[in-house]
Every structure is written in structure tokens, then in C-alpha cells.
Amino acid sequence: MQIDIAILLALVSAALWSVMTRSLLRSAIGLAFTSVILTIIMFRMGSPLAAVFELSVCAGLISVLFVSTISLTHPLTAREVLQHMRERLARFWLLPVILIAVGIILCLVTIKPVIPLPPPEPIKDVRVMLWDIRKTDLLGQVIVLLTGVFGVVILFKERVKK
Amino acid sequence: MSAEITHLFVVSGLFAAVLSVIGIYCVLMTFNLIRALIGLEILIKAVTLLIIVAGHVTGHEALAQSLVITLIVIEAVMITVAVGIVLGIHSHTGSLDARNIRNLKG
């Protein structure tokens, strides 16, 4: 249990660092760290397949997408960086205070959840669950993927020269 | 349900709430479009954490995993399209600042 809490603390710290850090590249790396820590949590909670997906897609693919986007956009000048730092300090100093306040409030509120336990799961294999029981989800995934592909094609389609 | 599992659920819920606060604050307070996407990602991480913990607590790990896989696919597609839009905005305005794209402001 203590290990779980330590991992959850690391997760929140990585997320906070990715939001608070000045450099966008460090933010993207912090997000990848967050995904890796979430992967560890998933693995510890008995979800290895979802953990692999999280590691390969979120920590890998999405981080590469963010880093590529950051490198495709031009960096800020020194003057813009200084101005940006001042603005960020003015906007983000409140976040740690809010987080501590939320944590204290949630710790003080005694939550005693009554979780209604559903009947035991008839199918323990995630492959059977995904391909047999949740077929509609797969159809939705295909539609979403096609939507994304067509969206990207339209976004990057070069304009026809008159 | 054992007391330890209930305690794990409560603690994980607390951390998921804190993650949500980080994501919402980032989306609301930043003007940088890429950082706003990062905030959105953190929000999705909070949801993923809650689904996984709920699956572990109730013993429905297979269902939770299938839901998380669907969520990850949707997340990847959403981020790809959003990044494309951000790059388009950057090529038009030359900046990633959301304040520069207020052309439709009424």
C-alpha cells in the first residue's frame, strides 16, 4: 500500500512538473514520465495489456508527436522568454496552493464509499472481452481512427494553386 | 470488500482528483496551445487511473482494460488531429499563443 501511495505521489509530481516547467520540451518529457508512472500503476493493478498500450502509445507515440510539433514551431526569442516567464509566474503560482488546499480538504472529508460489488466477471480474458463482448467499441475505434486519418489529410492537404 | 482495497480506492480517487485539478488549471490558465493539449492529456490520465482502479477494486480487470484501450485509441486520434490544427494555426499566425487567434471573437 505504501508503495502504491509513493507511485501515485510520483505520478502527481510528474504531472505538476510537466505543467509548471518553462520549456515546452520539458513539458512533453514530463508528460511521457507521467505515462510511464501510470503504466507501472496499471501493471501493479492487474492490467498488463492496457499498461503496454499506455506505454507504447501514450509514452511513445504521443510524446513523439509533441516533440515533433515543438521542433516544427520556431522557438521564442530571449525577450519573449523573459516576458513569458513573468506571465507564467503570475498565472501559475496559485496552482501548488490550490493543490495543497484540495488535498487537505479531501483528506479531512471522511469518505466511506459503499461500492456496490457487481457479480463476478464471467470472462477474465481481456482478448475475449474486447473481441466478443465489446465489439461495438471496436467499431467505434475504427470509426474514430478513420475520422482522425481523414481529418489529418484535410488539415495537411496542400491548397490547389489557381 | 477488504478495508485495504477500500482505502486504496479512496487514496487513488484523491490522487485522480488532484490530477484533474492540475489538468483543468493548465487548460484554463495557459495561452500556449501545446501546453493546453498537455493539460488535456493530464485530464485523460486522471480518467484512466480511475477506470483502472475501479476495475481492480471490483475485480473487473478485463472490462477495465478494454475500456482503457478504447480510451487510449481515442486519445491518440484526438491529439493527432489537435496537433495538426495547432500546426495549421502556427503556419497562419506564426505563433502558438491563443490570444492571437481571436478572429471569431464577437
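Derivation of every value follows stated rules applied to the coordinates shown; laboratory data play no part. On a predicted model such as this, the values are computed, not experimentally measured, just so you know. Counting neighbours? That spans all protein chains shown, and the Cβs are built from the backbone with ideal geometry, glycine included.
Between residue A:43 and residue A:70, the contour length at 0.36 nm per residue exceeds the alpha carbon distance by 6.7 nm. Which of the three applies to chain A, rounded, prolate or oblate, going by the alpha-carbon gyration tensor with a ≥ b ≥ c and a/c under 1.5 meaning rounded? Oblate, because a/c is 1.5 or more while a/b does not exceed b/c. Most mobile of A:66, A:92, A:33 per a Gaussian network model of chain A (Cα springs, under 10 Å)? For chain A, modelled as a Gaussian network with Cα springs under 10 Å, the answer is A:92. Counting only other residues whose beta carbon sits under 12 Å from that of residue A:28, what net charge do I get with K and R as +1, D and E as -1? With Lys, Arg at +1 and Asp, Glu at -1, the neighbours total +1.
Taking 0.36 nm per residue of separation and subtracting the current Cα-Cα distance, fully stretching the chain between residue A:147 and residue A:91 would add 16.6 nm.
When chain A is described by a simple charge dipole with +1 on each Lys and Arg Cβ and -1 on each Asp and Glu Cβ, the residue from A:93, A:117, A:33 located farthest towards its positive end is A:93.
Per-residue 3J(HN,Hα) values for region B:22-34, derived from phi via the Karplus relation 6.51 cos²θ - 1.76 cosθ + 1.60 with θ = phi - 60°, read 4, x, 5, 4, 5, 5, 6, 9, 8, 9, 7, 5, 5 Hz in sequence order (x marks Gly and Pro). Exposure proxy ranking for A:73, A:34, based on other Cβ atoms within 10 angstrom of each Cβ and starting from the fewest, stands as A:73, A:34. Applying 1/(1 + (r/R0)^6) with r as the Cβ-Cβ distance of residue A:108 and residue A:17 and R0 = 35 angstrom yields a FRET efficiency of 0.85. In order along region A:25-31, the Karplus-derived 3J(HN,Hα) couplings, from 6.51 cos²θ - 1.76 cosθ + 1.60 at θ = phi - 60°, round to 5, 5, 4, 5, 5, x, 5 Hz, and Gly and Pro are given as x. Averaged over the residues of peptide B:91-102, the number of Cβ atoms from other protein chains lying within 10 Å of each residue's Cβ is 1.
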